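**Q** Before I ask anything, let me first share the structure, which is written out below as structure tokens.
The values are calculated or read from the model by the stated rules, or taken from the named source; none is laboratory data. If you're wondering where the values come from, they're calculated on a predicted model, not measured in any experiment. We place every Cβ from the backbone using ideal geometry, glycine too, and count neighbours over all the protein chains shown. These accessible areas exclude ligands, DNA and RNA; they are computed on the full protein's heavy atoms, side chains included. Shrake-Rupley method; radii C 1.70, N 1.55, O 1.52, S 1.80 Å.
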2 protein chains.
Amino acid sequence: MAQSSRERYRAQVRADIKGHAWEQIATAGVSALSLNAIAKQVGMSGPALYRYFASRDELITELIRDGYRSLADAVQAAAGTDLLELAHVIRDWARADPQRYFLLYGTPVPGYHAPADTTAISREVMVVLIEACAGTDGPPTPFDAHLEAHRDWIDGHPATAATLHRALSFWTRLHGVLSLELAGHFAGMGFDPALLVAEEVIPDQHRRSGITGSSL
Amino acid sequence: MAQSSRERYRAQVRADIKGHAWEQIATAGVSALSLNAIAKQVGMSGPALYRYFASRDELITELIRDGYRSLADAVQAAAGTDLLELAHVIRDWARADPQRYFLLYGTPVPGYHAPADTTAISREVMVVLIEACAGTDGPPTPFDAHLEAHRDWIDGHPATAATLHRALSFWTRLHGVLSLELAGHFAGMGFDPALLVAEEVIPDQHRRSGITGSSL
DNA sequence: TCCGTTGGTTATAGGTTCTAACCAAAGCGA
DNA sequence: TCGCTTTGGTTAGAACCTATAACCAACGGA
């Protein structure tokens, strides 16, 4: 609880290191992250940094953890709003630091396995999404039935399989547009990705309005 | 046309180098690609490789180009089939070598700009998708109207804005599921991503069948 | 005050990309 | 066949990187 002077100093230096690490990642990507460069920036030379992080991988793992935490905080702060608002919150969070988004959801490094707690934080995000999807079920689909048999991952959450399907779909569709947008694959096409996100995320409403009305 | 002996040798060595490079990328990711290791594998030591590729970045750029070409070939070989078949062709192509997929559509490196011809190959893929989407238009949406004003990127293709929208949506949805699947973000959830892809890619059919029928 | 823990240093090993300098061999025209 | 030019290879080395080892100063609690 009450930190000693040394613990406080240590925590502050670690935060300082992580701050400069985020800077480097934001400007040059995680592959260009250099412990030597960070050490110089925080005012110590080279190997001193290994007193605070055992290795480059451990520092990156810590950053990934903090990244998930930051995303979960942003999403939970918007809990209770509708899917469109949630999509914009997540998109804004990602666009504030694209390389941070890609650190979580970009190219995986083949050997690496995320620590267990990051998947727990991912679950927090998923729960907010599921909550927002509750009650927006459309007609049942074959995948809903399939999901009914594979819902252990959300383990005990009282949502229909159709709702889980909607949440999963929200996640994959948003990620689809967002990651292509942030990676620059829409460069040259002049359209506004936000508008595409809007229709991807609340899919049936627009298309079906005026056809089936509210007869569901 | 007729290559000289030297040109043939050079082309063969370059292909050999690229082959070993793909091996390394498939097993350890592009960030672990080592020119030294490749050189040893092809039997020459270190800097000799620079006679064939000016830099590591140039080799990677060449691999990216070949990757796009390979994807476009796979997609064009399936041209004329329906969207579900196209989705499976692309998914199978990606799953055959996930790191190759991520080389094209994964985390972008901040400084890097793809050469112009790769975007031209991307366009080839897009044209096949658009062709497959033709005639599957649903009711018009606001984004269709927006796309009508921003269709320069496909420049002269005689497709409705609604069709372009469907093709764009096909691309982003497939990429959304596929990249999360390949990155391992579905690990632990037991569902079959192929089923999710199927419903994402032919979105309205399943949901609407039995409601609006074929009244469109 | 003493002494262990902690946080810093420099030196060094082994890895990387890439350049420089040098050399051998292959191809080609006279 | 001779000789020159281009090409493909070598080794050496500069400038980075991660990470470890060895050493030392300074801080904190008994």
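**Q** What number of residues in the stretch A:91-128 are part of a helix (DSSP H, G or I) and either open to solvent by 30 Å² or more (accessible area, probe 1.4 Å) or more than 10 Å from every other protein chain (Cβ to nearest Cβ) (or both)?
**A** Of the residues in the stretch A:91-128, 20 are part of a helix (DSSP H, G or I) and either open to solvent by 30 Å² or more (accessible area, probe 1.4 Å) or more than 10 Å from every other protein chain (Cβ to nearest Cβ) (or both).
**Q** Of the conditions (1) in a helix (DSSP H, G or I); (2) in contact (Cβ under 8 Å) with a residue 40 or more places away in the chain, B:Val13 satisfies every one except a single condition; which number is it?
**A** Tallying (1) in a helix (DSSP H, G or I); (2) in contact (Cβ under 8 Å) with a residue 40 or more places away in the chain, B:Val13 fails exactly one: (2).
**Q** Okay, next question. For the stretch B:129-149, give me each residue that is of a type outside the set (Gly, Ala, Ser), part of a loop (DSSP other than H, G, I, E, B) and more than 10 Å from chain A (Cβ to nearest Cβ).
**A** B:Thr136, B:Asp137
**Q** Let me ask something additional. Residue under question is B:Arg69, and the condition is that it be open to solvent by 70 Å² or more (accessible area, probe 1.4 Å), over 29 Å from A:Gly29 (Cα atoms) and assigned to a helix (DSSP H, G or I); does it hold?
**A** no
**Q** Within the stretch B:68-85, is there a residue that is more than 14 Å from chain A (Cβ to nearest Cβ), within 28 Å of A:Tyr112 (Cα to Cα) and more than 16 Å from DNA strand D (Cβ to nearest atom)?
**A** There is at least one residue in the stretch B:68-85 that is more than 14 Å from chain A (Cβ to nearest Cβ), within 28 Å of A:Tyr112 (Cα to Cα) and more than 16 Å from DNA strand D (Cβ to nearest atom).
**Q** Moving on to the next point. Restricting to the stretch A:72-87, name every residue that is assigned to a helix (DSSP H, G or I) and surrounded by fewer than 19 Cβ atoms within 10 Å (Cβ to Cβ).
**A** The answer is A:Asp73, A:Ala74, A:Gln76, A:Ala77, A:Leu84, A:Glu85.
**Q** Out of curiosity, is A:Phe170 more than 9 Å from chain B (Cβ to nearest Cβ), buried (at least 18 other Cβ atoms within 10 Å of the Cβ) and not hydroxyl-bearing (Ser, Thr, Tyr)?
**A** Numbers: more than 9 Å from chain B (Cβ to nearest Cβ): yes; buried (at least 18 other Cβ atoms within 10 Å of the Cβ): yes; not hydroxyl-bearing (Ser, Thr, Tyr): yes.
Considered against the rule, which asks whether it is more than 9 Å from chain B (Cβ to nearest Cβ), buried (at least 18 other Cβ atoms within 10 Å of the Cβ) and not hydroxyl-bearing (Ser, Thr, Tyr), A:Phe170 comes out as yes.
**Q** Looking only at the stretch B:8-64, count every residue that is more than 15 Å from DNA strand D (Cβ to nearest atom) and of a type in the set (S, T, N, Q) and tell me the total.
**A** 3
Conditions tested, residue by residue: (1) within 13 Å of DNA strand C (Cβ to nearest atom); (2) away from chain A (no Cβ under 13 Å).
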{"residue": "B:Arg10", "(1), (2)": "yes, yes"}
{"residue": "B:Arg14", "(1), (2)": "no, yes"}
{"residue": "B:His20", "(1), (2)": "yes, yes"}
{"residue": "B:Gln24", "(1), (2)": "yes, no"}
{"residue": "B:Ala28", "(1), (2)": "yes, no"}
{"residue": "B:Leu35", "(1), (2)": "yes, yes"}
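**Q** Under 9 Å by Cβ, and 6 or more places apart or on different chains, what pairs join a residue from the stretch A:78-89 that is over 14 Å from A:Glu131 (Cα atoms) with one that is polar (S, T, N, Q) and surrounded by fewer than 18 Cβ atoms within 10 Å (Cβ to Cβ)?
**A** As it stands, the answer is A:Val89/A:Thr81, since those pairs meet every condition given.
**Q** Any residue at all in the stretch A:150-164 that's open to solvent by less than 20 Å² (accessible area, probe 1.4 Å), within 7 Å of chain B (Cβ to nearest Cβ) and modelled with pLDDT of 95 or more?
**A** no
**Q** Then there's this: Considering only residues that are open to solvent by less than 50 Å² (accessible area, probe 1.4 Å) and at pLDDT below 95, which ones fall in the stretch B:44-66?
**A** B:Gly46, the sole residue that qualifies.
**Q** Okay, moving on. Mind telling me which of the residues B:Tyr112, B:Tyr101, B:Tyr52, B:Tyr68 ends up being under 26 Å from A:Glu199 (Cβ atoms), touching a helix residue (DSSP H, G or I) at 6+ places or on another chain (Cβ under 8 Å) and of a type in the set (Ser, Thr, Tyr)?
**A** Every option except B:Tyr101 fails the conditions.
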